[in-house]
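Enquirer: Sharing a structure below in structure tokens format, with a few things to ask.
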Amino acid sequence: MKRRVVVTGMEMITPLGIGMEETWKNLCAGKSGVSKIECFDCETFQTQIGGQVKGFDFEKFFTGLNGQDQFGKHTKFILASVKMAFENAELDLDSVDRERVGVYLGSGEGEFDFEGFYKTIIKSWNDDSVDLSKFMQWGHKILNPVREFEHDSNIPAAHVAEIFGVYGYNCNCLTACAASSQAVGEAYSIIQRNDADMMVTGGSHSMIHPLGVMGFNLLTALSVQNDAPEKASKPFDLRRDGFVLGEGGAILILEDLEHAKNRGAKIYGEIIGYGTSADSFRITDAHPEGRGAIAAIKTAIKKAGISISDIDYINAHGTSTNVNDCVETLAVKKIFGQYAEKIPVSSIKSMMGHLIAAAGASELITSLLAIRDSIIPPTINYEKPDPNCDLDYVPNKSRKAKLNTILSNSFGFGGQNVALVVRRYPFE
């Protein structure tokens with residue numbers, strides 16, 4: 001029999017707080033963490049807003065780490081979140097078999113990679129093009145061997161293994177907006193098949209950088225509502241004009257149920273279903289009939305061994321883009337039929353923006369906190385309904401509700417789709 005997998009620790013760093021409880025409090029209050037971008041001069045950009053992490057000081061978590069001056073922001077988010085998550089799990093690593101503790105993350109690229117490339121281009125720019133000889137010359141200086149090593153997408157996972165001394169399965173995936181959900185699903189599968197007793201999983205991202213904003217502006221994917229940042233992210237609302245770029249990190253500690261019980265761990269919930277698929281349609285757009293989303297959700301529900309009526313709430317991907325919100329709504333209606341009208345659906349991206357690779361894990365943590373506190377976080381800025389988005393999106397105010405089973409969706413560029421099902425433990 002496959003082993004049962006539970007969540008025994010979790011933490012996150014988001015635009016709404018340094019830590020899970022602060023973030024959760026602000027989510028339940030319907031507070032927005034979106035503001036004007038402060039980390040670079042954005043006056044000439046179409047989009048000048050983002051969900052920035054504020055008040056984060058890595059030195060408060062670690063001092064004197066070898067090479068920490070070379071760490072990218074995404075690595076710092078991961079390491080701080082892992083440290084807090086282990087504390088939250090009340091875990092003494094010396095009491096467990098470190099070779100049975102693995103790491104599976106969804107992280108990489110973003111601010112760190114952009115910065116070196118950006119500086120190299122600026123140094124080698126000649127009138128209206130890049131001087132290749134200067135590009136090579138400055139590239140060797142700016143992207144020196146130490147910094148180049150940090151560019152590898154697996155490096156945050158390697159740092160976790162080295163710094164915390166966990167020597168089991170170690171891997172990273174970078175499946176765009178589905179990355180950390182994918183990492184959680186794969187980590188869950190690793191424990192299920194007895195290749196680990198415990199997994200550190202989740203993800204991080206930071207793309208609030210001139211190259212990141214410019215790239216998404218060229219795709220016309222970002223909101224340009226610069227005059228009212230807190231109102232810019234409006235999933236499922238007819239007035240939505242694109243997503244808001246966010247940043248952060250989110251980590252969960254997954255554990256075999258018997259292993260958790262033997263060490264007396266508190267349990268936030270049980271992961272019971274994981275489904276993943278590819279749209280194979282277009283790099284930036286989901287299939288218009290929700291083909292990939294439907295496949296992932298159906299698989300997750302089937303593997304969970306539950307019926308559609310067992311789902312009490314859907315934590316939506318809900319990006320605030322025209323295509324995603326309509327396709328996700330369509331997929332939910334096709335799977336759940338008439339029951340879709342009765343299921344609350346909300347998007348916390350309305351408050352934090354889109355944390356890209358960290359989005360799925362932060363949303364799964366939110367789902368488990370919703371079960372713990374019997375509260376559904378709202379979709380804020382929902383004022384003008386879209387006729388094509390006609391579900392119960394928990395508009396503007398959080399809602400009390402007894403929750404046992406939650407579906408969390410993540411859909412990424414490249415057609416990557418992930419669905420996770422979590423359940424109260426013990427199940428009531």
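Enquirer: How big is the Kirkwood radius of segment 1-142, worked out from every pair of different alpha carbons and given in Å to one decimal?
Expert: Taking the inverse mean of 1/r over all distinct Cα pairs, segment 1-142 comes out at 18.8 Å.
Enquirer: Determine which residues of segment 351-384 fall in the zone a paramagnetic label at LEU238 would reach in this model, i.e. backbone nitrogen under 20 Å from the point 7 Å along Cα→Cβ.
Expert: Correct set: 379-384.
Enquirer: Pairs of alpha-carbon atoms within less than 8 angstrom and 6+ residues apart define the contacts here; what relative contact order does the chain have, in percent?
Expert: RCO, the chain: 24 percent.
Enquirer: What FRET efficiency, computed as 1/(1 + (r/R0)^6) with R0 = 45 Å and r the Cβ-Cβ distance, is obtained for SER374 and LEU211, rounded to the nearest 0.05?
Expert: Values: r = 42 Å, r/R0 = 0.94.
It comes out at approximately 0.60.
Enquirer: Then there's this: At q = 0.11, 0.25 Å⁻¹, what log₁₀ I(q)/I(0) does segment 279-371 have when each alpha carbon counts as one equal point scatterer in the Debye sum?
Expert: Treating every Cα as an identical point scatterer, log10 I(q)/I(0) equals -0.32, -1.57.
Enquirer: To continue, here is another question. When the Cα centres of segment 326-371 and segment 114-144 are compared, how far apart do they sit, in Å?
Expert: The two parts, judged by their Cα centres, are 41 Å apart.
Enquirer: List, largest first, the extents of the alpha carbons of segment 98-254 along their principal axes, each in whole Å.
Expert: Sorted largest first, the three principal extents are 58, 49, 20 Å.
Enquirer: Tell me, HIS159, HIS74, HIS205 in order of fewest to most beta-carbon neighbours within 10 Å?
Expert: Least crowded to most crowded, the residues run HIS159, HIS74, HIS205.
Enquirer: Which of VAL5, PHE58, THR47 sits closest to the plus end of the dipole of segment 1-83, meaning its Cα is farthest towards the positive end, when Lys and Arg get +1 and Asp and Glu get -1 on the C-beta?
Expert: Of the listed residues, the answer is VAL5.
Enquirer: Continuing with the same structure: Could you name the aspartates and glutamates in cross-link range of LYS302, using Cα to Cα under 13 Å and dropping any fewer than eight places away on the same chain?
Expert: ASP310
Enquirer: Spin-label point model (7 Å from Cα, Cβ direction): what's the ASN388 to LYS141 distance in nm?
Expert: 5.1 nm
Enquirer: Right, next: Kindly provide the Kirkwood hydrodynamic radius of segment 324-428 in Å, to one decimal, from all pairs of distinct alpha carbon atoms.
Expert: By the Kirkwood definition, the hydrodynamic radius is 14.5 Å.
Enquirer: Exceeding 29 Å between C-alpha atoms, which entries from my cross-link table qualify? They are LYS73/LYS334; LYS261/LYS402; LYS54/LYS141.
Expert: Violating the 29 Å Cα-Cα cut-off are LYS73/LYS334; LYS54/LYS141.
Enquirer: Quick one: of the DSSP bridges fully inside the chain, what percent are antiparallel, nearest 5?
Expert: Given both bridge residues lie in the chain, the antiparallel proportion sits at roughly 70 percent.
Enquirer: Next question. Could you give P(r) for segment 274-328, binned at 5 Å from zero, as whole percent values over all Cα-Cα pairs?
Expert: Whole-percent P(r) values from 0 Å outward: 4, 18, 24, 26, 16, 9, 2.
Enquirer: Starting from a Cα-only point model with no solvent, please compute log10 I(q)/I(0) by Debye for the chain at q = 0.07, 0.08, 0.14 1/Å.
Expert: Reported log10 I(q)/I(0), two decimals: -0.31, -0.40, -1.25.
Enquirer: Viscosity 0.692 mPa s, temperature 37 °C: give me the Stokes-Einstein translational D for segment 171-318 in µm²/s, with Rh taken as the Kirkwood radius over C-alpha pairs.
Expert: Roughly 182 µm²/s, to the nearest whole number.
Enquirer: If a paramagnetic tag sat 7 Å from the Cα of ALA158 along the Cα-Cβ line, which residues of segment 72-89 would have the backbone N under 19 Å from that point?
Expert: Output list for this probe position: 72-80.
Enquirer: Order of ASP92, ASP279 from fewest to most other C-beta atoms within 10 Å? Walk me through the numbers on the way to the answer.
Expert: Numbers: ASP92 9, ASP279 24.
Arranged by neighbour count, lowest to highest, ASP92, ASP279 become ASP92, ASP279.
Enquirer: Quick check: the distance between the Cα centres of segment 401-428 and segment 175-241, to the nearest angstrom?
Expert: Rounded to whole Å, the Cα centres lie 15 Å apart.
Enquirer: Can you sort MET84, MET20, MET352 by how many other beta carbons sit within 10 Å, fewest first? Walk me through the intermediate numbers first.
Expert: Values: MET84 21, MET20 25, MET352 32.
Taking fewest neighbouring Cβ atoms as first place, the list is MET84, MET20, MET352.
Enquirer: Around GLN137, what is the net charge, scoring Lys/Arg as +1 and Asp/Glu as -1 over all other residues with Cβ under 15 Å from its Cβ?
Expert: Working: positive: LYS119, LYS123, LYS134, LYS141; negative: ASP131.
The answer is +3.
Enquirer: I need the calculated FRET efficiency for the pair LYS334 and ALA29, taking r as the beta carbon distance and R₀ as 41 Å, to the nearest 0.05.
Expert: Working from the Cβ atoms, E equals 0.75.
Enquirer: With labels modelled as points extended 7 Å from the Cα through the Cβ direction, what inter-label distance (nm, one decimal) is found for ASP94 paired with GLU341?
Expert: 6.1 nm
Enquirer: Evaluate the distance, in nm, between pseudo-label points positioned 7 Å from the Cα of ASN262 and of GLU43 along their respective Cα→Cβ axes.
Expert: With each label point 7 Å from Cα toward Cβ, the separation is 6.3 nm.
Enquirer: Compute the FRET efficiency between VAL130 and THR284 as 1/(1 + (r/R0)^6), taking r as their Cβ-Cβ distance and R0 = 25 Å, and round to the nearest 0.05.
Expert: Efficiency computed from Cβ-Cβ geometry: 0.45.
Enquirer: Can I ask one more? Bin width 5 Å, origin at 0, all Cα-Cα pairs of segment 1-75: what percent of pairs per bin?
Expert: 3, 11, 16, 16, 18, 14, 10, 6, 3, 1, 1, 0
Any read-out appearing in this document is the output of simple, stated calculations on the displayed coordinates, not a laboratory observation. Note that the structure is predicted; figures quoted are calculated from it, not measured. No Cβ is skipped: glycine too gets one built from the backbone with ideal geometry, and neighbour counts run over all protein chains shown.
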